[in-house]
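Worksheet: one structure, shown below.
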Amino acid sequence: MAQKLPPGIALVKYHRIYADAQGGSHFDSVTVEQSLASGAPPAAPFYVSADKPASKYRFYSFQPGWIGDWHPCPARQFLALMTGAVEMETTDGTVRRLKPGDLVLLEDTTGKGHVTRNTADGYATFLVVPVPAA
């Protein structure tokens with residue numbers, strides 16, 4: 001059954017990969033609440049979340065067949081898949097298949113990390129936004 005939200009509330013969900021104290025990696029799902037607000041008057045109100053810090057961005061493109069074997073994330077960062085398809089695997093054996101529009105927060109900056117595989121026939125391109133440690 002779908003969750004009934006109060007009027008003026010919307011939710012955004014994203015994947016998260018984190019490292020545990022033993023160096024293993026795991027997936028989690030995060031939900032961010034948004035409220036209806038006048039964010040850009042005179043445009044009509046739209047849904048807005050709380051601000052979080054970020055100051056730069058970059059793009060990653062993985063060629064067809066690319067596999068990033070076990071590796072920790074070089075920095076805490078959001079990856080938004082723009083094109084292609086990838087799968088990411090954590091040390092607990094969980095595999096998630098991402099499609100354009102999916103968002104993942106990588107926080108496994110220690111330990112064994114995760115595997116990323118380009119499963120598309122073409123390039124997979126991410127918009128990457130490094131974010132400060134939580």
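The values are calculated or read from the model by the stated rules, or taken from the named source; none is laboratory data. Keep in mind that what you see is a predicted model, and the values were worked out from it rather than measured. Neighbour counts run over all protein chains shown; Cβ positions are idealised from the backbone, glycine included.
Things to note:
- Among the conditions (1) surrounded by 13 or more Cβ atoms within 10 Å (Cβ to Cβ); (2) part of a strand (DSSP E or B); (3) among the small types (Gly, Ala, Ser), the only one that Gly23 does not satisfy is (2).
- Residue satisfying condition, being under 14 Å from Arg117 (Cβ atoms) and either among the charged types (D, E, K, R) or in contact with a Phe, Trp or Tyr (Cβ under 8 Å, 6 or more places away or on another chain) (or both), within set Gly39, Gly84, Gly65: Gly84
- Subset tally (residues that are hydrophobic (A, V, I, L, M, F, W, C), under 15 Å from the mean Cα position of the chain (by Cα) and not in a strand (DSSP E or B)) for region 114-132: 1
- Residue count, region 102-113 (criterion: within 23 Å of Gly65 (Cβ to Cβ) and outside any strand (DSSP E or B)): 3
- Residue within region 104-113 that is touching a strand residue (DSSP E or B) at 6+ places or on another chain (Cβ under 9 Å) and over 27 Å from Gln22 (Cα atoms) present: no
- One residue stands out in region 47-66 among those that are modelled with pLDDT under 95 and among the hydroxyl-bearing types (Ser, Thr, Tyr): the one that is surrounded by the fewest Cβ atoms within 10 Å (Cβ to Cβ), namely Ser55.
For (1) surrounded by fewer than 19 Cβ atoms within 10 Å (Cβ to Cβ); (2) modelled with pLDDT of 95 or more; (3) touching an Asp or Glu at 6+ places or on another chain (Cβ under 7 Å), each residue gets a yes or a no:
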site	(1), (2), (3)
Leu81	no, yes, yes
Thr91	no, yes, no
Glu107	no, yes, no
Thr110	yes, yes, no
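- Residue check for Ser29: more than 18 Å from the chain's Cα centre (by Cα), assigned to a strand (DSSP E or B) and of a type in the set (Gly, Ala, Ser): no
- Some residue of region 70-83 being free of Cβ contacts under 8 Å to residues at least 60 places away in the same chain, within 15 Å of the chain's Cα centre (by Cα), part of a loop (DSSP other than H, G, I, E, B) and at positive phi: no
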